[in-house]
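Novice: Just passing along the structure, written as structure tokens.
The values are calculated or read from the model by the stated rules, or taken from the named source; none is laboratory data. Computed from a predicted model, the values in this text were never measured in an experiment. Backbone-built Cβ (ideal geometry, glycine too); neighbour counts: all protein chains shown. Calculation scope for accessible area: heavy atoms of the full protein, side chains included, ligands and nucleic acids excluded. Shrake-Rupley method; radii C 1.70, N 1.55, O 1.52, S 1.80 Å.
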Amino acid sequence: MNIMNSNDNQLKIMGILNMTPDSFSDGGNFNQLTTALSHVQSMIDNGADIIDIGGESTRPNSQIISAEEELKRVIAIINELRSHGFTIPISIDSYKDTVADQALKSGADFINDVWGFQHKNYNMAAIMASHDCYAFVMHNQDNTTYEDDIIHSIFNFFKETIKLTEKAGGDVKKLIFDPGIGFGKTPKQNIEVCARLNELRLMLNDHLSYDVNMLLGTSRKSMIGHILQEPKPKERLNGTLATTAIAIQAKYNFIRVHDVKENKQVAIMCDTIWNYKA
């Protein structure tokens with residue numbers, strides 16, 4: 001199934017596969033090939049539409065690793081999945097152009113860039129253009145200071161991403177926009193962005209004159225822990241499920257989650273009820 005051209009309106013589930021020892025929630029749980037393959041199969045069985053593979057943690061204060069080390073972590077599992085006949089679409093969760101390029105050559109389908117093509121050391125827009133692939137582009141910044149209204153600031157960030165994509169010769173319609181919950185935002189700012197998801201989507205629609213694709217990634221994040229007073233990431237499932245319902249209501253197309261089965265069930269229930277026609 002080509003999930004990007006599917007005619008149904010059901011939310012698509014991006015399942016997280018962290019090939020890392022230090023990710024905030026499941027670091028070290030699935031970073032061996034045998035456990036990774038088993039976890040991918042479980043996510044597929046539970047309804048994942050995409051597998052998002054990452055080799056470097058992007059949690060606060062995480063260690064930056066070299067592109068060579070990141071490639072060692074992600075290329076092996078991509079090769080393993082494809083050699084075992086897994087056909088599910090794969091996105092490469094990286095902001096490094098060399099990593100994304102090699103991952104796409106090895107069998108990945110999409111880019112997932114937490115810097116929205118705007119990391120000063122890399123040219124991810126050129127990689128997207130050369131592979132003519134879809135790309136998830138996330139809002140990010142190094143601090144939590146916003147001189148303008150936060151939604152307008154995120155919108156302006158994405159306008160720059162769009163310009164970079166056009167300059168590189170990429171297809172802007174293949175961008176999927178992610179407001180970046182937990183990145184460059186305080187807990188209060190994260191809550192505001194979640195409350196205004198639809199506003200951001202409509203601004204991008206008006207700017208580009210078509211219905212854009214949007215992704216929300218809140219799974220187990222500290223915003224949920226802050227609201228629910230749950231310090232342990234794995235205890236934040238119920239809060240994550242609430243944000244999934246909010247994403248559906250805001251007409252977002254994708255969510256990025258650890259707990260595929262539970263989020264898929266919420267998506268099915270919400271879609272069934274909200275799209276019901278007597």
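Novice: Over the chain, what is the mean sequence separation of C-alpha contacts under 8 Å (at least six apart), divided by residue count, expressed as relative contact order in percent?
Specialist: Worked out over the chain, it gives 18 percent.
Novice: Continuing with this model, one more query. Tell me, what is the per residue accessible area of the chain in Å², probe radius 1.4 Å?
Specialist: With all protein chains present, the chain gives 46 Å² per residue.
Novice: I've got another one for you. Carbon-plus-sulfur fraction of the accessible area of the range 61-140, 1.4 Å probe, in percent?
Specialist: Roughly 45 percent, rounded to a whole number.
Novice: Same structure again: For the range 152-278, what is one quarter of the convex hull surface built on the Cα atoms, given in nm²?
Specialist: Reported value for the Cα convex hull: 8.9 nm².
Novice: Same structure again: Sort the following peptides by mean Cβ neighbour count (other Cβ atoms within 10 Å, averaged over residues), highest first: 91-99, 128-136.
Specialist: Ranked from most to least packed, the peptides come out as 91-99, 128-136.
Novice: Another question, if that's okay. Would you compute, from DSSP H runs of 4+ residues alone, the mean residue ellipticity of the chain at 222 nm, taking -39500 (n - 2.57) per run and dividing by the full residue count, rounded to the nearest 500?
Specialist: One gets -14000 deg cm²/dmol as the mean residue ellipticity at 222 nm.
Novice: Let me ask another. How big is D for the range 74-174, in µm² s⁻¹ as a whole number, if Stokes-Einstein is applied with the Kirkwood radius of its Cα pairs at 37 °C and 0.692 mPa s?
Specialist: D = 230 µm²/s.
Novice: Right, next: For each pair in 234/261; 96/185; 221/264; 232/264; 173/251; 12/234, compute the distance between the two Cα atoms and list the pairs where it is over 20 Å.
Specialist: In this structure, 96/185; 232/264; 12/234 exceed 20 Å between Cα atoms.
Novice: Ranked from highest to lowest mean number of other Cβ atoms within 10 Å per residue, what is the order of the peptides 202-211, 188-197, 140-149?
Specialist: So the order, starting with the most tightly packed, is 188-197, 202-211, 140-149.
Novice: Express in whole angstrom the spacing between the alpha-carbon centres of the range 210-235 and the range 115-145.
Specialist: Their Cα centres are 21 Å away from one another.
Novice: In debye to the nearest 20, how big a dipole does the chain give about its Cα centre with +1 on each Lys and Arg Cβ and -1 on each Asp and Glu Cβ?
Specialist: 340
Novice: State the volume of the convex hull built on the alpha-carbon positions of the chain, expressed per residue in Å³ and rounded to an integer.
Specialist: 128
Novice: Okay, moving on. Compute the signed sum of charges (Lys and Arg +1, Asp and Glu -1) over the other residues within less than 11 Å, Cβ to Cβ, of residue 146.
Specialist: Summing Lys/Arg as +1 and Asp/Glu as -1 gives -3.
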